[in-house]
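Contents: one structure, followed by commentary.
None of the figures in this text is laboratory data; all of them are computed from the coordinates on show. All of these numbers come straight from a predicted model, not from anything done at the bench. Ideal geometry is used to build each Cβ from the backbone, glycine not excepted, and the neighbour counts take in all protein chains shown.
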């Protein structure tokens with residue numbers, strides 16, 4: 001026998017009505033009534049709109065695989081139009097953004113034969129192929145870039161990691177497709193990018209080999225922490241949009257502890273909290289550390305970013 005129930009909950013669960021003329025705004029609004037992750041996505045859209053309405057300083061964090069995919073072009077749109085104000089990403093996020101100005105990445109398959117690809121000089125990231133030629137070009141680019149930094153009188157005693165990334169953006173102006181790059185537009189629009197860990201990936205490889213011949217070449221990493229923390233402390237209101245986990249997510253949220261958490265927080269990832277990972281750490285865990293505000297202005301959308309992020313940007317920035 002069922003126990004007599006109470007009507008606990010809010011709103012009625014229903015989907016978008018496709019019988020009438022299609023209305024894109026009503027379509028996105030209907031996500032809020034659909035349930036499961038659709039409802040969380042609708043909340044993420046509302047919170048992002050609130051970030052913009054309150055003129056929050058928006059911190060965007062993402063892992064390198066985001067740049068590998070076509071989401072890189074959406075990030076370029078945000079940076080070019082000054083819709084976000086601070087970026088934290090990993091080394092792969094920067095180097096692949098630069099590499100794509102030289103040559104595109106190609107569609108492949110998750111099931112491709114790895115040995116066959118290796119023999120043919122092709123690298124695979126998921127179902128995306130990256131020919132070795134792209135990295136051969138990048139090696140030439142980095143050699144010229146590092147040499148120019150080393151001989152620049154302004155940096156005779158070394159430079160910091162924030163300036164390093166800014167100079168990367170500036171150095172791209174001569175490349176044909178440089179306006180496709182968010183690193184370039186961050187330089188152009190004076191939007192800080194923190195690349196951490198800078199010594200990872202191909203950039204780290206080139207720094208290693210360059211330093212073997214130039215032992216006095218140094219990059220100070222402390223400036224990036226100072227800049228991030230100063231920006232957090234001086235912002236009137238803060239919003240965090242974090243794609244994936246890893247260092248970018250933690251770096252931003254850790255800094256936001258200085259002000260008892262972000263005013264608005266949106267997570268997009270597929271991490272599970274049960275393994276104690278950074279990606280899986282949910283909003284309630286963030287609250288316990290003081291990384292997210294204790295109110296309801298936060299949400300985690302559990303889903304693959306190449307599906308979720310374009311929907312978020314379309315609804316929150318284009319409608």
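Structural remarks
- Based on Cα contacts under 8 Å between residues 6+ apart, the chain shows a relative contact order of 22 percent.
- Each label was represented as a point 7 Å from its Cα along the Cα-to-Cβ direction; for residue 294 and residue 24 these points are 4.1 nm apart.
- Working from label points 7 Å from Cα in the Cα-to-Cβ sense, the residue 147 to residue 113 distance is 4.1 nm.
- FRET efficiency, residue 212 to residue 237 (Cβ-Cβ, R0 45 Å, nearest 0.05): 0.45
- Prolate/oblate/rounded label for the range 31-182 (Cα gyration tensor, a/c 1.5): oblate
- Counting DSSP beta bridges with both ends in the chain, the antiparallel % (nearest 5): 20 percent
- Computed from Cα atoms, the angle from the helix 201-213 axis to the main principal axis of the chain rounds to 20 degrees.
- Between helix 222-234 and the chain: long-axis angle, C-alpha atoms, 0 to 90°, nearest 10: 30 degrees
- Highest-MSF residue in the chain out of 21, 131, 197 [GNM, Cα springs under 10 Å]: 21
- Helix axis angle, 24-34 relative to the chain longest principal axis, alpha carbon, degrees: 70 degrees
- Inter-part distance where the range 38-77 and the range 152-224 are each reduced to a Cα centre, Å: 24 Å
- Over the chain: helical MRE at 222 nm, DSSP H runs n ≥ 4 each giving -39500 (n - 2.57), nearest 500: -14500 deg cm²/dmol
- Normalised by residue number, the volume inside the convex hull of the Cα atoms of the chain is 193 Å³ per residue.
- Segment residue 125-residue 53, length gained on full extension (0.36 nm per residue, minus Cα span): 22.2 nm
- Extension gain, residue 33 to residue 177: 0.36 nm times the residue separation minus the Cα-Cα distance gives 47.6 nm.
- Pair residue 3, residue 277: separation of 7 Å Cα→Cβ label points (nm): 3.7 nm
- Mean Cα-pair separation over length for the range 4-159, i.e. relative contact order, pairs under 8 Å, 6 or more apart, %: 14 percent
- Cα shape, the range 146-203, gyration tensor, a/c 1.5 rule: prolate
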